[in-house]
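Engineer: One structure, as structure tokens, below. Some questions next.
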Amino acid sequence: MGDVAMLVPAVWQLARQYPDVRITVLSRAFAKALFTDLAPNVSFMEADLKGEYRGIKGLNSLYRRLTAKQFTAIADMHSVLRSEFLRLRFNLSNCRVEHINKHRRGRRRLVAATGKQLIQQPTPFENYADVLARLGYPVDIKFTSIFPPEGGDLSLLPTLNTKETGEKWIGIAPFAAHKGKVYPPKLMEHVISMLVERRPQARIMLFGRGADEDEWFERWCVRYAQCIAVSRHVENMKQELIVMSHLDVMLSMDSANMHLASLTATPVVSVWGATHPLAGFMGWKQSTDNAVQLQMDCRPCSIFGQKPCMRGDYACMNNIAPETIVERIDKILGTI
């Protein structure tokens, strides 16, 4: 989801710089909310790769459906086996095709166990723009938010439809796909406790879905009246993005929620463990000054956070003090 969210600024800019170009974004169903209404010349096409378009037979069927749209250029922004197969088919039909450079060599040096080279890698935003330039559509990305400056329309939400004047909304997305990217929930509870003590009038919006989220969110909502599990109050991703657009700050791991909040121009305090901003995956227009991380010889050990800790103790996360995170949040919110 994070990779798709990072595609939004590039597509937004492409649509505005080239209003006569018809753009179709092909992705899984979850991404529809990110591209619907993005621009008049942008449409979305859903591909169910586990159902209708499963396997080689399914991909061939998908290719035939795509060719019916008579595209003049193909941008492969993912470059995985499925998209490479489609790319090959389009190449054989003499369609103009370009694909993303993931800079794998530089990333491998970044996470090497010995002889690390801590060099900033190109961001996906830069990589996407490079693909478009090679297709003949150079872009200068000036994207700010998928919503107007005042944020999304809160009246569209069933319950979270009012934000009092001067009230602070603090978002927290405490989980990620891999353990190396998750700040321990018990330490996160200390963060919540400190925020509640310092800002008793603030509302703390908890973002995420899953078994871990359900367990911890229920516990925190019972202990702290200011906590709200957002998934219980929204019906879809679009509504979730509306809530994000009204946050004063989001606290997130290196996860999709960091990127989703970035698309709504919300400042993000991000927490990094096994992964590192040098890999290029900071949220759009987010400052590295708001990235909380420890300097350790073994960091980063993984580009995506899926590798087990070579030390076995996940010190890169466990040793981050809750006070450090709260201080970064306070710096954004200012004093009350």
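Engineer: Of all the residues that make up region 135-169, how many are of a type in the set (Lys, Arg) and more than 22 Å from Phe281 (Cα to Cα)?
Structural biologist: So the count comes out to 2.
Engineer: Still on this structure, I have one more. Give the residues of region 95-109 that are open to solvent by less than 70 Å² (accessible area, probe 1.4 Å) and not small (Gly, Ala, Ser), sorted by residue number.
Structural biologist: Selection gives Cys95, Val97, Glu98, Ile100, Lys102, His103, Arg107.
Engineer: Which residues, taken from region 295-319, are hydrophobic (A, V, I, L, M, F, W, C), open to solvent by less than 60 Å² (accessible area, probe 1.4 Å) and under 14 Å from Arg107 (Cα atoms)?
Structural biologist: Cys301, Ile303
Engineer: Identify all residues within region 196-223 that are more than 17 Å from Thr159 (Cβ to Cβ) and open to solvent by less than 40 Å² (accessible area, probe 1.4 Å); write none if there are none.
Structural biologist: Those that are more than 17 Å from Thr159 (Cβ to Cβ) and open to solvent by less than 40 Å² (accessible area, probe 1.4 Å): Val196, Arg199, Ala202, Gly208, Gly210, Glu213, Trp216, Trp220.
Engineer: Count, please, the residues in region 1-33 that happen to be part of a strand (DSSP E or B), touching a strand residue (DSSP E or B) at 6+ places or on another chain (Cβ under 6 Å) and of a type outside the set (A, V, I, L, M, F, W, C).
Structural biologist: Selection size over region 1-33: 1.
Engineer: While we're looking at this one, here's another question. Please list, ordered by first then second residue, the pairs with beta carbon atoms under 8 Å, 6 or more apart or interchain, first in region 141-166 and without any contact (Cβ under 8 Å) to a residue 40 or more places away in the chain, second outside any loop (DSSP other than H, G, I, E, B) and loosely packed, with under 13 Cβ neighbours inside 10 Å.
Structural biologist: Filtered contacts from region 141-166: Asn161/Ser155.
The values are calculated or read from the model by the stated rules, or taken from the named source; none is laboratory data. Because the structure is a prediction, the values reported are computed rather than measured. So basically every Cβ, Gly included, is an ideal-geometry build from the backbone, and we count neighbours across all protein chains shown. Accessible surface is based on the protein model in full, side chains and every heavy atom, while ligands, DNA and RNA are left aside. Shrake-Rupley method; radii C 1.70, N 1.55, O 1.52, S 1.80 Å.
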